[in-house]
Amino acid sequence: MIMTFNRNEFVGAFVMALDFLESSVRSNVTNHNKRVALIAIRLGERLGLLLEDMFDLYAGAVLHDNGITNPVYNKISGGAASNLERFMSHCIVGEENLKVFPFLKPREGMILYHHEAYDGSGYFGIPGKAIPLLAHIIHFADMVEIMYARGSDRKEAGAKAAEWKGSQFLPELCEAFDEINSLAFWLSLDNRFIDGELNRSVPHYHMEMTLRELAPIACIFSKFVDEKSPFTGRHSRGIAEKSEIMADFYNFDEERKTKLILAAHLHDIGKLAAPNAVLDKAAPLTPEEFELVKPHVFYTRRMLEGIKGFEDITEWASNHHEKLDGSGYPYGLAAKDLDFGSRLMACIDIYQALSEERPYRKPLEYAEVSRIMTGMADGNAIDRDITADVLEALR
C-alpha cells in the first residue's frame, strides 16, 4: 500500500529525539539544533539557494549532531587536543546514521564535513570550495549559535565573522551573515520564537512509499538509541525480532506486520531522555531512579504522534507499559483502552525483558519467564490469551 508521508514531520520527530538525547547528557543545551537550522536557513536565503536545497539544508542542520553520544560529549567538554578523534567520530557516525534519510538530492559529505574550515584546518583537512556548500553553511551556523548560547551579542558575532572571512569560512558566507545580522534576526533565535520562525521559513515536501520502504528511515531512531546505550539497542532489536515471529504466528498481513515491527524498533526511543547512569546501572533501580525512567513512554508518544500515517505504530509503541487493570503508566489506561497491538507489544516487551541479560542479572530461564508472565496474566495485568500465545511461539 502506497502512503504519503510529510518529510518535515519526520524531521520534527528526529529533532525531538536529538533534543531529548542532548538534554540527557548536557543540561545547558536548549534548542541548539533548531537555532543552527534557522541561522543556516537565513544564510541559504541570502545566498539564493533553491527550495530543494533549502529543505535539505534545514534537515541537515537540525540533524547535524545526530552522531554525538554520551562518551563523545564527555570528550568535547574536556577540550583537549587529544580529543580530536572523538570529535571526528561524531561526524562519521552522523553521516552513517543518515545514509537512508530522504533528502531531496544526494548529500554525501554534508554531515561528515560539517566541521571543515575554508583554510583546510578542519578534522579531515578538506580545503576551500571542496567542502560541500551545505556542510560549510551548517558549520558557520553552528559557530554562530554557540556564540549566541554563550551570551554574545550580534555585534560580537559580526566582528567574529569578519575575522573568519577567508580563513575559517568562505568569504561570501561571511558577507551573507553580515547582511542578515540584524536586531530582528538576533531576537528571532530566542527559545520563545524559534519554532514559529522555522515553521514559516522551511519549505514542505512529501514522499510516497510503502511502510516497508519507509522502515529503514524510521529505524534511524533505533540508531540514535543504539549510540546512547548498548543495552537499549539490544533490547529493541530483540523485541523487533520477536514481533516478526508473533506477526507470522497470527498471520498478520504485510502492512500490519510492518507496523508491529516498526513499533517494536521505536517503542523505547523515549529512553533517549533517560540518564545513562540509570539505564546502565549494574543493580536494580531504586524507586527514585525508576521514576526517572517511567516518562520514556510518554516521550515516545510525543516523538511519533506528529507523523501522519503512524497512528497505529504510535499507539503500540507507546502503550507497552500500560496494564489491563489500570496499574500501568504513564496514563493508567485500562483494558477497554488497549487494542490488540498494544496488548501484544506489552507481552513481547515483558518476555524480552525477562529473558535477556540485564546489567544486574543473568537471563531468566524459560520456566521462570513463563511462571512470571502467567502470574501477571492471572492477575489481569496482561492479556491471558496473548500471553499463552507468546509463551508458545517464542519458547
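The values are calculated or read from the model by the stated rules, or taken from the named source; none is laboratory data. Predicted, not measured: the structure shown is a model, and the values here were computed from it. So basically every Cβ, Gly included, is an ideal-geometry build from the backbone, and we count neighbours across all protein chains shown.
Please report, ordered by residue number, the helices (runs of 4 or more DSSP H) entirely within the stretch 248-315 with at least 2 residues that are touching a residue at least 24 places away in the same chain (Cβ under 8 Å).
Working: elements: 254-266, 276-279, 287-293, 296-304.
In the stretch 248-315, the matching helices (runs of 4 or more DSSP H) lie at 254-266, 276-279, 296-304.
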Exercise. Residues of the stretch 206-247 being in contact with a His (Cβ under 7 Å, 6 or more places away or on another chain) and either more than 24 Å from N97 (Cα to Cα) or not in a helix (DSSP H, G or I) (or both), which ones?
Worked result: C219
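Using the structure shown, decide if L391 is under 21 Å from L266 (Cα atoms), modelled with pLDDT of 95 or more and part of a helix (DSSP H, G or I).
Details: under 21 Å from L266 (Cα atoms): no; modelled with pLDDT of 95 or more: yes; part of a helix (DSSP H, G or I): yes.
In short, no.
Scan the stretch 123-135 and tell me whether some residue there is assigned to a helix (DSSP H, G or I), among the hydroxyl-bearing types (S, T, Y) and surrounded by 13 or more Cβ atoms within 10 Å (Cβ to Cβ). Before the answer, list the steps.
To start, the set of residues in the stretch 123-135 that are assigned to a helix (DSSP H, G or I) comprises 128-130, 133-135.
If we keep only those that are among the hydroxyl-bearing types (S, T, Y) as well, we get none.
Looking for residues that are assigned to a helix (DSSP H, G or I), among the hydroxyl-bearing types (S, T, Y) and surrounded by 13 or more Cβ atoms within 10 Å (Cβ to Cβ), one finds none in the stretch 123-135, hence no.
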Exercise. Does L354 satisfy the condition of being farther than 25 Å from V11 by Cα, part of a helix (DSSP H, G or I) and not basic (K, R)?
Worked result: yes
For this session: Output the residues belonging to the stretch 134-157 that are on the phi < 0 side of the Ramachandran plot and among the small types (G, A, S).
Result: A135, A141, A149, S152, A157
Exercise. Can you name the condition, by its number, that S236 falls short on among (1) in the same structural domain as D65 (by TED's automatic domain parsing); (2) crowded, with 17+ Cβ neighbours inside 10 Å?
Worked result: (1)
